[in-house]
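A.B. asks: Below you'll find the structure I mean.
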Amino acid sequence: ASAGIAPSAMRANFGTFTPDSSQFLGVDHGVLTVHDTRTQAVLSTMLTSPPKIWVTHPDLSPDGKKLVYVRTLVWESDWTFKEGQIYQRTYDPATQTFGPEQVVVADGTNNYYPSWSPDGNWIMFTRSSSGLAYDNNFATIWPVKADGSMPPIQLTAANQDFGLTDYWARWAPFPQTLGSPEEAL
């Protein structure tokens with residue numbers, strides 16, 4: 001830690017970095033704050049409408065210009081809650097400001113752990129129809145088009161058996177080639 005900065009100054013349970021790693025957007029007790037990663041100083045705080053809505057599970061798009069996160073009214077902690085709804089909004093790293101909120105998924109179930117695809121066109125998330133958001137044996141994995149042009153799609157092959165704890169899905173962070181190694185040459 002830098003001299004003069006308290007060890008808990010940049011405390012967060014969930015967070016995401018800007019593409020250049022100069023800023024860290026972290027959530028602690030349902031509040032998202034933007035920190036300078038060099039000094040740990042708070043640059044801004046994201047507000048939600050109406051007040052008293054908790055946010056968690058932030059993830060910045062690959063270009064750093066959109067933020068996806070979970071909002072909930074039934075909050076126990078940053079990792080255990082019910083009725084999570086997934087929202088996105090623009091983010092300007094130059095001014096540390098946020099655009100208006102846009103609903104991605106708000107269907108009465110518990111939706112959480114959103115993650116941007118490497119091309120920024122999809123958001124993967126976890127859903128459970130009962131129970132809390134943490135370590136839920138009933139969880140399923142769903143991608144949704146980030147622009148809202150298609151409804152969520154359940155990845156049924158990933159959800160073939162009870163108790164797989166198939167939650168907190170993430171995208172492969174690099175292009176992939178399918179086929180034999182010789183075909184890739």
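The values are calculated or read from the model by the stated rules, or taken from the named source; none is laboratory data. Quick caveat: nothing in here was measured; it's all calculated off a predicted structure. Methodologically, a virtual Cβ is constructed for each residue, glycine included, from the backbone with ideal geometry; neighbour enumeration extends over all protein chains shown. Remember, those area values only see protein heavy atoms, side chains included, never the ligands or the DNA or RNA. Shrake-Rupley method; radii C 1.70, N 1.55, O 1.52, S 1.80 Å.
A.B. asks: Being open to solvent by 10 Å² or more (accessible area, probe 1.4 Å), in contact (Cβ under 8 Å) with a residue 60 or more places away in the chain and under 24 Å from Gly131 (Cα atoms) narrows it down to one of Trp79, Trp75, so name that one.
C.D. replies: Sole residue among the options that is open to solvent by 10 Å² or more (accessible area, probe 1.4 Å), in contact (Cβ under 8 Å) with a residue 60 or more places away in the chain and under 24 Å from Gly131 (Cα atoms): Trp79.
A.B. asks: Could you pull out the residue among Gln96, Gln102 that is under 30 Å from Ser149 (Cα atoms) and open to solvent by less than 70 Å² (accessible area, probe 1.4 Å)?
C.D. replies: It is Gln96.
A.B. asks: While we're looking at this one, here's another question. Check the range 35-52 and report whether any residue there is modelled with pLDDT of 90 or more and under 20 Å from Arg170 (Cα atoms).
C.D. replies: Within the range 35-52, not a single residue is modelled with pLDDT of 90 or more and under 20 Å from Arg170 (Cα atoms).
A.B. asks: Restricting to strands (runs of 3 or more DSSP E) lying wholly in the range 6-90: which have 1 or more residues that are of a type outside the set (A, V, I, L, M, F, W, C) and within 20 Å of Val144 (Cβ to Cβ)? Explain how you work it out, then say what you get.
C.D. replies: Numbers: elements: 14-17, 23-28, 31-36, 42-46, 54-60, 66-72.
The qualifying strands (runs of 3 or more DSSP E) are 14-17, 54-60, 66-72.
A.B. asks: Looking at (1) open to solvent by 10 Å² or more (accessible area, probe 1.4 Å); (2) over 16 Å from Arg170 (Cβ atoms), which is the one condition that is false for Pro118?
C.D. replies: (2)
A.B. asks: Pick from the range 127-161 the residues that are of a type in the set (D, E, K, R) and open to solvent by 50 Å² or more (accessible area, probe 1.4 Å): which of them is nearest to Val74 (Cα to Cα)?
C.D. replies: Looking only at the range 127-161, we keep the residues that are of a type in the set (D, E, K, R), and these are 127, 135, 145, 147, 161.
Cutting the leftovers down to open to solvent by 50 Å² or more (accessible area, probe 1.4 Å) gives us 135, 147, 161.
On the way: Asp135: 17, Asp147: 27, Asp161: 28 Å.
Within the range 127-161, the match that is nearest to Val74 (Cα to Cα) is Asp135.
A.B. asks: So which residues in the range 101-130 are at pLDDT below 90 and more than 20 Å from Phe14 (Cα to Cα), if there are any at all?
C.D. replies: If we filter the range 101-130 for residues that are at pLDDT below 90, which is where we start, we get 108, 128-130.
Within the range 101-130, Gly108, Ser129, Ser130 qualify.
A.B. asks: Look at the range 39-48 and say how many of its residues are under 20 Å from Val105 (Cα atoms) and open to solvent by less than 80 Å² (accessible area, probe 1.4 Å). Write out each step before concluding.
C.D. replies: To start, the set of residues in the range 39-48 that are under 20 Å from Val105 (Cα atoms) comprises 46-48.
Pick out the ones that are also open to solvent by less than 80 Å² (accessible area, probe 1.4 Å) and you get 46, 48.
So the answer is 2.
A.B. asks: To continue, here is another question. So Tyr69 clears everything in (1) open to solvent by 10 Å² or more (accessible area, probe 1.4 Å); (2) out of contact with any helix residue (DSSP H, G or I) (no Cβ under 6 Å at 6 or more places or on another chain) except one condition, right? Which one?
C.D. replies: Among (1) open to solvent by 10 Å² or more (accessible area, probe 1.4 Å); (2) out of contact with any helix residue (DSSP H, G or I) (no Cβ under 6 Å at 6 or more places or on another chain), Tyr69 violates only (1).
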